[in-house]
Ligand code: UDP
């Protein structure tokens, strides 16, 4: 299939592109390169540099590249930033997706895989989270993802779109080629590994949550396992919106992540306890039974040691990230 990957130069997108190539698909990357990296895109993959809200460019790209499906990853992702600048999240995440959908309608492209988030769930939803658990985002980031699912719910049946919304839990880990290099970095695992590299301390945001050790619990999913869910979602054929969690099913606290990072890196990693970070849910753990049952998806590399070891190996091999 010829597949447009918006955000294909980013962390998750670059690994999806790797997996698409491996499976014999033809990915085309659409990216603004504001945060994506050209070096993350293999030389044989066509690139369109543009903003997601440029509907005319998207429409032209879908037509000229004879696109059959869109994997739409572009979006703002930092939960903390969404508390201080929510408008930007609605503009890029909701407005940007509407632009993609409009271009798809114009060009009769029917298949869309959308990157949603565990951040859509209500904080008091029972764990592990099922797709039918109550929603109630605690951040504008989560709200923007939920709004997209809702708008797709109206648009997809009206236009015969086949949409899959994958609710990502916490992407982590690396392949040999691609890893996590955000600037600024806000995510726990890369910050912990950076602290290990520099022999610095690592901050824990909140130590009084109602969890096993007072720190937030997250379900970390290896980026390659996450990528494989997208490839399976491309096979769906039922019009409408199908929602799947994509998580490992196991939760780890911030302290447990740091403990394993000490074991993997051999570094001391002293801790600095800080106040809670705005917008954080205290615990998110998925059950991904639905995607396992319906699409046969199973995580292969999402145990805590492999997540940290693959990310650590990538950082050691790429000390400057994607910089030349
Ligand atoms: N976190 C932390 N120290 C850091 C970065 C993150 O304690 O330096 C915590 C954060 O407050 C959250 C968890 O680690 O409870 C996971 O945060 P991350 O930003 O990686 O992912 P999120 O779940 O927010 O998407």
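Of the conditions (1) buried (at least 22 other Cβ atoms within 10 Å of the Cβ); (2) free of Cβ contacts under 8 Å to residues at least 60 places away in the same chain, residue 178 fails just one. Which one is it?
(2)
Considering every residue within segment 213-224, establish whether at least one is under 22 Å from the mean Cα position of the chain (by Cα), under 30 Å from residue 323 (Cα atoms) and at pLDDT below 95.
no
Does any residue in segment 205-224 that is farther than 23 Å from residue 288 by Cβ come within less than 7 Å, Cβ to Cβ, of a residue that is near the ligand (Cβ under 10 Å from one of its atoms) and at pLDDT below 95 six or more places away or on a different chain, and which pairs are these?
These pairs meet every condition: 205/277; 205/280; 206/277; 206/280; 209/282; 210/282.
Would you be able to tell me the number of residues in segment 212-251 that are within 10 Å of the ligand (Cβ to nearest atom) and closer than 30 Å to residue 110 by Cα?
0
When you scan segment 94-211 for strands (runs of 3 or more DSSP E) that lie fully inside it, which ones turn up with 3 or more residues that are more than 16 Å from the ligand (Cβ to nearest atom) and at pLDDT 95 or above?
111-117, 162-168
Suppose we filter segment 259-277 for residues that are more than 14 Å from residue 306 (Cα to Cα) and in contact (Cβ under 8 Å) with a residue 24 or more places away in the chain; how many remain?
Here the count works out to 11.
Within segment 282-308, count every residue that is surrounded by fewer than 22 Cβ atoms within 10 Å (Cβ to Cβ) and within 16 Å of the ligand (Cβ to nearest atom).
Adding up the residues that qualify gives 4.
Has segment 155-163 got at least one residue that is touching a residue at least 40 places away in the same chain (Cβ under 8 Å) and under 17 Å from the mean Cα position of the chain (by Cα)?
Here is the first cut: in segment 155-163, the residues touching a residue at least 40 places away in the same chain (Cβ under 8 Å) are 155-157, 159-163.
Filter once more, so that each one left must be under 17 Å from the mean Cα position of the chain (by Cα): 163.
Yes, segment 155-163 contains a residue that is touching a residue at least 40 places away in the same chain (Cβ under 8 Å) and under 17 Å from the mean Cα position of the chain (by Cα).
The values are calculated or read from the model by the stated rules, or taken from the named source; none is laboratory data. Quick caveat: nothing in here was measured; it's all calculated off a predicted structure. So basically every Cβ, Gly included, is an ideal-geometry build from the backbone, and we count neighbours across all protein chains shown.
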